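All remarks here apply to the structure that follows.
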Amino acid sequence: MELTEALRTTGAIRAFRDQAVDDAVLARVLDTARFAPSGGNAQAWRVVVVKDRATRRRLRDLYVQGMREYMAIAAAGLRPWAPTNDREAEKQALAAVKADSDTGDFAERFDEAPVLLAVFVDLSLLAAMDRDAARYSFAGGASIYPFTWSILLAARDEGLGGVITTILIRAEDEVKSLLGARDPLTLAAVIALGYPVRQLRRLNRAPLPAFATVDSIDGPPFGTPGA
């Protein structure tokens with residue numbers, strides 16, 4: 001597949017056909033994704049291909065619980081777990097979580113995804129430049145999330161679709177225990193992959209001038225006449 005087409009059509013896929021993904025296909029995906037960039041070429045990722053049914057079901061239960069919390073916070077008018085959120089307002093929202101609330105088909109059938117990949121990162125190998133900042137630290141993600149994105153792009157080239165999920169990080173301790181991961185490994189994402197029910201062709205994204213400016217955040221939009 002031509003690269004520009006892949007970049008413009010690789011969206012989040014959450015509905016999969018009832019078709020297994022051969023190990024050989026998945027191996028090609030991961031073998032291609034391993035060329036993703038990382039700080040100092042540390043390649044700090046570890047991937048667990050989750051096949052055990054009982055483990056998958058438990059991950060599904062944890063995912064559903066996390067999604068219920070996500071939806072409760074969103075229903076309160078907050079961006080779920082945004083670093084700038086009012087923590088007290090979040091607590092009040094979480095206190096209203098309903099144990100039987102509908103979390104949608106993807107969450108309820110999370111364990112049925114043809115492929116589940118738990119992606120861990122070794123914190124001892126990250127050069128987190130903002131580690132000591134007073135604000136939320138995110139720079140270390142530059143050494144792991146290009147890898148997860150490369151998995152989606154490589155999967156797209158194989159006719160697969162998928163989505164990078166982070167809900168299970170809310171239950172990281174149990175996920176690590178389930179999958180035998182020990183410190184300094186930490187959970188970065190769980191990726192679901194499969195053959196899509198429908199392949200997206202048009203993605204809804206903001207136009208270039210909406211996010212790119214010249215010389216300052218308040219500068220003229222880039223990509224427009226006169227910029």
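Each value in this text was obtained by applying a stated rule to the coordinates, not by laboratory testing. None of the values given here were measured: they were computed from a predicted structure. Neighbour counts run over all protein chains shown; Cβ positions are idealised from the backbone, glycine included.
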Next on the checklist: Return the equivalent ellipsoid semi-axes of the chain as a descending list in whole Å, where each equals the square root of 5 times an eigenvalue of the C-alpha gyration tensor.
Outcome noted: 27, 25, 21
Item to check | Paramagnetic reach from VAL49 in region 71-113 [backbone N under 16 Å; point 7 Å along Cα→Cβ] | outcome: 113
Checklist outcome for this item: Expected unfolding gain across VAL214-ASP86 under the 0.36 nm per residue rule, minus the alpha-carbon gap, is 42.8 nm
Checklist entry - Where does the chain land at 222 nm, in deg cm²/dmol rounded to the nearest 500, when only DSSP H runs of n ≥ 4 count, each adding -39500 (n - 2.57), divided by all residues? => result -10000 deg cm²/dmol
Next on the checklist: For LYS51, give me every one of the lysines with a C-alpha distance below 26 angstrom, ignoring sequence neighbours fewer than eight places off in its own chain.
Outcome noted: LYS176
Checklist entry - So, in nm, how far is label ARG202 from label ARG131 when the simple model puts each one 7 Å beyond its Cα toward the Cβ? => result 4.8
Checklist entry - Over the chain, what relative contact order in percent results from Cα pairs under 8 Å that are six or more residues apart? => result 32
Checklist entry - Once the dipole of region 95-227 is set up with Lys and Arg at +1 and Asp and Glu at -1 on Cβ about the Cα centre, which of THR166, LEU193, PRO209 lies farthest towards its positive end? => result PRO209
Checklist entry - Counting only residues 5 or more places away or on other chains, whose amide H sits under 5 Å from the amide H of THR165 once H atoms are built in the peptide plane? => result VAL190, ILE191, ALA192
